[in-house]
2 protein chains.
Amino acid sequence: MPQLRIALAQVNPTVGDLAGNADTVVEWTRKAVEAGANLVVFPEMVLTGYPVEDLAMRGSFGHASRAALDALAARLGEAGCGEVPVWAGYLDLDEVGPRNAAAVLHGGAVVARQFKHHLPNYGVFDERRYFKAGTTLDIVRVHGLEIGMVICEDIWQEGGPIAALGRAGVDLVVAPNASPYERAKDDARLPLVARRAREAGAPLVYVNQVGGQDDLVFDGDSMVVATDGTLLARAPQFVEHLMLVDLDLPGGAARMDVEVADDFAVRRVVVSTALVAGYEPAVCPTVAEPLPEAAEVWSALVTGLRDYAQKNGFRSVVLGLSGGIDSAVCAALSVDALGADAVYGVSMPSVYSSAHSRSDAADLAERTGLHYAEQPIADLVEVFVRQLGLTGLAEENVQARCRGVTLMGLSNQHGHLVLATGNKTELAVGYSTIYGDAVGGFAPIKDVPKTLVWELARWRNAEAEKRGEVPPIPENSIEKPPSAELRPGQLDSDSLPDYELLDAVLDDYVEGDRGYDDLVAAGFAPELIDRVLRMVDRAEYKRRQYPPGTKISFKAFGRDRRLPITNAWREGGR
Amino acid sequence: MPQLRIALAQVNPTVGDLAGNADTVVEWTRKAVEAGANLVVFPEMVLTGYPVEDLAMRGSFGHASRAALDALAARLGEAGCGEVPVWAGYLDLDEVGPRNAAAVLHGGAVVARQFKHHLPNYGVFDERRYFKAGTTLDIVRVHGLEIGMVICEDIWQEGGPIAALGRAGVDLVVAPNASPYERAKDDARLPLVARRAREAGAPLVYVNQVGGQDDLVFDGDSMVVATDGTLLARAPQFVEHLMLVDLDLPGGAARMDVEVADDFAVRRVVVSTALVAGYEPAVCPTVAEPLPEAAEVWSALVTGLRDYAQKNGFRSVVLGLSGGIDSAVCAALSVDALGADAVYGVSMPSVYSSAHSRSDAADLAERTGLHYAEQPIADLVEVFVRQLGLTGLAEENVQARCRGVTLMGLSNQHGHLVLATGNKTELAVGYSTIYGDAVGGFAPIKDVPKTLVWELARWRNAEAEKRGEVPPIPENSIEKPPSAELRPGQLDSDSLPDYELLDAVLDDYVEGDRGYDDLVAAGFAPELIDRVLRMVDRAEYKRRQYPPGTKISFKAFGRDRRLPITNAWREGGR
């Protein structure tokens, strides 16, 4: 039976870095060719990175992307990779407008190109803002086999281009993707890809990028499924990976001679006709297991933080260490992302700080090896309180703000990226001080609910123990009752419901977008609903000024959940 | 000839305030009925306010909006307004999804409803995220005349529902709008509305809302044009206004018996058939002149600030007064928006502050009557500098941040809304200190380029002189060379190009989205382009955390211009 050796290039591009991303494509193609691949597939818009947002509409960038694609095709030819067709996503710009496009590069030239049909415009996506949809399908014959393509969202929608490919007849479908990570999304992907393979009547090659881009992180999870939906190979998550798969393909798919399948204009392009016999030795397909949930989330957070720092040119991070669980988890993430030598932790005790706030912070530093310093804030706070006559909440907040100014001062002086250590629960209910603990260029756990922060801490410590390493997070930081320590003896539980309960309400209200009646029906007490929803609604202004941070949930604060600040709507009519 | 007395209700709704907005509709309908109106037209989504953003997708809010609409219809009937049909926009929710809708209320019930067809998804708009498009047209017979409707964007697009109405035959078209202000937009509206009236073959009643909603402000500018495009009446900008217009309508429009015009299902609804004779005395139509440019921008800024403060429950604002032009203009805007008694200005001199920074601030306070206080920051700064060993930029920034903490402390203690006084030019090039002068709940001039700030100051002073009032802004604040005064003798011109030149480059790069080659072709020096674009690109992270402020330009920072922070693209390939 005819065979193809397919290379899935699960790479980590950088938005806007046309030159660097082109280098990546050349380098990985060369590796794939050396490994005997007959074709190489890169992720969606690999040449520009994804998402480019409004850069899509800037003519200069669109032209540069097209020019970079042509240059890339030529370079591949010169690099001795011209015989192997390469599927590479890029930004196109034609007379209709900008396009989310992917091209086939072969023989030093662009031999086929196609535009994304389904443009997602929900959640974090604004693709109808940026792109015009495509209506053509280029089917490319490689070693006598017909290869169709769909781009990302095209496989999330029933019918459309996949059905058209099925009708036109293809031996294989390749699907370049830039599908952001969220919890449990990999559970949805495989059945979906399997369904589309059946719909197309051909095996499907799904290639997703890895890496972080502002608040998005991509997990890879690239895979190949057979026509019947069987999973044949799967790449590991969150790492760059070249996956080779030998596929036996019966061929003879081109059932349709006409050029239109449904609403799509089909173009057939011939790259090569000679069939490939089976390889000896065959590549042994690997099916990576998806990571267990805590490991997956941890990897997402590490990747998002690492790439934000590195792609923005930071060599180090600085964060406040309160002795509490949030800053401890952020510190552990930072150490995993950048190495202990790149992490600067600062304990900033006030007059209300407990002894354990310092000792737990120092313990964390010792366990992880990060740089540790103490900057007591009592003197800083005192001049503000005295000069401005601050009391109550104003006095509490000035403590948090003196810490913010301290971290920013250290950042300006030493070039560190400041991390905000707030979690999603705090951000939801506004339990944070704007320009205080909210200060930062990046917020690693802003999409992690408090209860999950604890779970991650326990998981990370257990992992360390399994590996015979020192658990990074002090047990006391995990076990002690959480407190902002902004007044004597203060505990979070003075101001907030129990975190288990609070996170349950927030999961329904924020992620589920459920209204008052639904929350009552879910069994929450009306007083609790009122209290929590009021806090959430009133904190919108704080969230608007919060730093970006890695999305791991179905609905993260930020572009995922767009609500007005000026908003008189109160659930339940209260 | 049959006549209709039409009431255009140019009102100021609040997002989410279903009860308050319904009250507004009842109150204004009553006034219109008392004035003899035969029909009343309110703006787009008047019942929910606009834009409701993701609230559109929350089922509880959609159901509440529908229920509020039914209740409003009943209330209008009970209030003795049941005989006069009222066009009122709302959020609908049906089995297809959320709808940007408008209904006709008559006889205590909803007698017709229609969904917006063209959903804008560019600039500040994300309507394809929120709404499903309509495909029906309800044409309502009122006093024997056929009245069709289109909603906002429907009139900005060629063809579509307007053409369908023209084909179906109508005597009048009403168009509820929520069309945000931007400079020179009113110049575009009239020709557009005139064109659509000709396309529909009927006079067109254009009703737009007024007021501020987060970073948007609506200018009203409601109008009636004749079938031939002649402007018959126009409401003043930025004020609530009930405009009555007597229109002679020849009638006999219902040319089409079939129920489908093009792609639209047309439904005819009869409210009343008896023709109305001419009124005596007739209403004398008023055609308000559009405001001169500076007055228009000033009104937009005043309205945006006033409504942000009031709709969010703030009675007062606090801002730093540096003696410079930006804070002086923000103070004058605040006084115009909220009254001098609601404005608290704080001079926060440092060791580098000039004598005139205080005297100009004090002069401004005296001219405007705002509350004035001095809070020297030398002691506050000194403890940070000493404790953290800050030098250079870190020391400069800590001054701005101590001012930020001071303002936030006063806000927390006294409940003022903090205003950030930065202008668009600074925001563009990152010439501001994050968590320092960028601190604030609202930024009144964030979309005003520096050169326009000066122009507005001069205009406002001249206006005061015309009215025989004290010009609010000290001449010295306008004339002296701008300086951040963060080190001895510092001037903006040390770090930035001349503002005239800088604003010209920014206008092309930010508003025009022009690339490197276009900027060179426009005559800017390559070194200047490189320098400015680099500053703009690198400051994206600061803009993300900047407070909202009134959009007055074609492209404001914020939801209007969405660029990645992590972005390696450099125009000109540098």
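Only beta bridges with both residues in the protein assembly as shown are counted; by DSSP, about 55 percent of them are antiparallel.
Working note: Karplus 6.51/-1.76/1.60 with θ = phi - 60° gives region B:527-539 the couplings 5, 5, 4, 4, 5, 5, 5, 4, 4, 4, 4, 6, 9 Hz, where Gly and Pro are set to x. So how tilted is helix A:325-338 from the main axis of chain A? Cα-based, degrees 0 to 90, rounded to 10. Once rounded, the angle reads 40 degrees. The HN-Hα couplings worked out from phi for region A:293-298 by the Karplus form 6.51 cos²θ - 1.76 cosθ + 1.60 (θ = phi - 60°) are 4, 5, 4, 5, 5, 4 Hz, whole numbers, x standing for Gly and Pro. Ligands, DNA and RNA left out, the 1.4 Å accessible surface of region B:338-432 is 49% carbon and sulfur atoms. A Förster radius of 51 Å combined with the Cβ-Cβ distance from residue A:226 to residue A:493 puts the calculated FRET efficiency at roughly 0.45. With θ taken as phi - 60° and the Karplus curve 6.51 cos²θ - 1.76 cosθ + 1.60 applied, the whole-hertz 3J(HN,Hα) list for region B:104-121 is 10, 9, 7, x, x, 9, 7, 9, 7, 8, 8, 10, 4, 8, 8, 9, x, 9 Hz, x standing for glycine and proline. Sorted from shortest to longest, the distances between the residue A:80 label points of this copy and the other copies are 9.5 nm, with each point 7 Å from Cα along the line through the beta carbon. With a Förster radius of 35 Å applied to the C-beta separation of residue B:109 and residue A:517, the computed FRET efficiency comes to 0.90.
Sites listed here are GluC sites (Glu not before Pro) in region A:35-128 whose DSSP assignment is loop and whose Cβ has at most 15 other Cβ atoms within 10 Å: A:83, A:95. Sorted from longest to shortest, the spans of the Cα atoms of region B:220-375 along the three principal axes equal 81, 39, 27 Å.
Shown for residue B:67: label points 7 Å from Cα along the beta-carbon vector, and their distances to the equivalent points in the other copies, 6.0 nm in ascending order. Dividing the summed helix terms, -39500 (n - 2.57) for each DSSP H run of n ≥ 4, by the number of residues in the protein assembly as shown produces a 222 nm estimate of -11000 deg cm²/dmol to the nearest 500. Association of chains B and A removes close to 6500 square angstrom of accessible area from solvent, both sides included, for a probe radius of 1.4 Å.
With all protein chains kept in place, the per residue accessible area of the protein assembly as shown amounts to 33 square angstrom at a probe of 1.4 angstrom. Largest to smallest in accessible area, the residues A:505, A:302 fall in the order A:302, A:505 (1.4 Å probe, all protein chains included). Every pair of different Cα atoms in region B:126-195 enters the Kirkwood calculation, which places the hydrodynamic radius at 13.5 Å.
Once backbone amide H atoms are built at 1.01 Å from N, residue A:318 has A:344, A:417, A:418, A:419 as its partners under 5 Å, excluding neighbours fewer than 5 places away on the same chain.
Relative to the longest principal axis of the Cα atoms of chain A, helix A:18-34 runs at roughly 60 degrees. The Kirkwood hydrodynamic radius of the protein assembly as shown, based on inverse pair distances between different Cα atoms, is 31.8 Å.
Less than 5 angstrom separates the built amide H of residue B:249 from those of B:3, B:4, all sequence-distant by 5 or more or on a different chain. With R₀ fixed at 51 Å, the C-beta to C-beta distance from residue B:277 to residue A:501 puts the FRET efficiency at about 0.15. Relative to the isolated chain, which residues of region A:109-157 have their accessible area cut by 20 Å² or more in the presence of all protein chains (1.4 Å probe, heavy atoms, no ligands or nucleic acids)? When all protein chains are present, A:121, A:126, A:128, A:129 each give up 20 Å² or more of accessible surface. Of the residues making up region B:543-558, those losing 50 Å² or more of accessible area when the isolated chain is joined by the remaining protein chains, with a 1.4 Å probe, are B:544, B:545. Only loop residues by DSSP count here, and only those with at most 14 other Cβ atoms within 10 Å; note down the GluC sites (Glu not before Pro) in region A:438-484 that meet that. Passing both the DSSP loop test and the Cβ count: A:469. For chain A, the longest principal axis of the Cα atoms and the long axis of helix A:378-388 meet at an angle of about 70 degrees.
Plainly put, the tip 7 Å out from Cα toward Cβ on residue B:19 is 6.2 nm from that tip on each other copy, the closest given first. Of the beta bridges in chain A, as assigned by DSSP with both residues counted there, near 55 percent are antiparallel.
The alpha carbon gyration tensor of region B:402-546 gives principal lengths a ≥ b ≥ c with a/c of 1.5 or higher and a/b no greater than b/c, which makes the shape oblate.
Per-residue extension of 0.36 nm, minus the Cα-Cα distance of residue B:534 and residue B:70, leaves a gain of 161.6 nm for this segment. Legend: residues B:416, A:143, sorted from most to least accessible area (1.4 Å probe; ligands, DNA and RNA excluded), read A:143, B:416.
Close lysine pairs were tallied over chain A: pairs 8 or more places apart or on different chains with Cα atoms under 22 Å apart number 25.
Counting only other chain Cβ atoms within 10 Å of each residue's Cβ, the peptide B:235-244 averages 0. Kirkwood analysis of region A:342-407, using all unique Cα-Cα pairs, places the hydrodynamic radius at 12.7 Å.
DSSP finds beta bridges in region A:1-140, and of those with both partners inside it, around 75 percent are antiparallel. Amide H to amide H, with H built 1.01 Å from N, residue B:131 comes under 5 Å of no residue 5 or more places away or on another chain.
Largest accessible area first, the residues A:535, B:243 order themselves as A:535, B:243 under a 1.4 Å probe with ligands, DNA and RNA left out. The mean count of C-beta atoms from other chains within 10 Å of the C-beta of residues in A:380-387, rounded to a whole number, is 5. Peptide A:426-433 shows a mean partner chain C-beta count of 0 within 10 Å per residue C-beta. Applying a DSSP loop filter and a limit of 13 other Cβ atoms within 10 Å to the trypsin sites (Lys or Arg not before Pro) in region B:381-478 leaves B:467.
The values are calculated or read from the model by the stated rules, or taken from the named source; none is laboratory data. A quick note: this is a predicted structure, and the numbers were derived from the prediction, not measured. Every residue, glycine among them, receives a Cβ derived from its backbone with ideal geometry; neighbour counts consider all protein chains shown. SASA here: full protein model, heavy atoms, side chains in, ligands and nucleic acids out. Shrake-Rupley method; radii C 1.70, N 1.55, O 1.52, S 1.80 Å.
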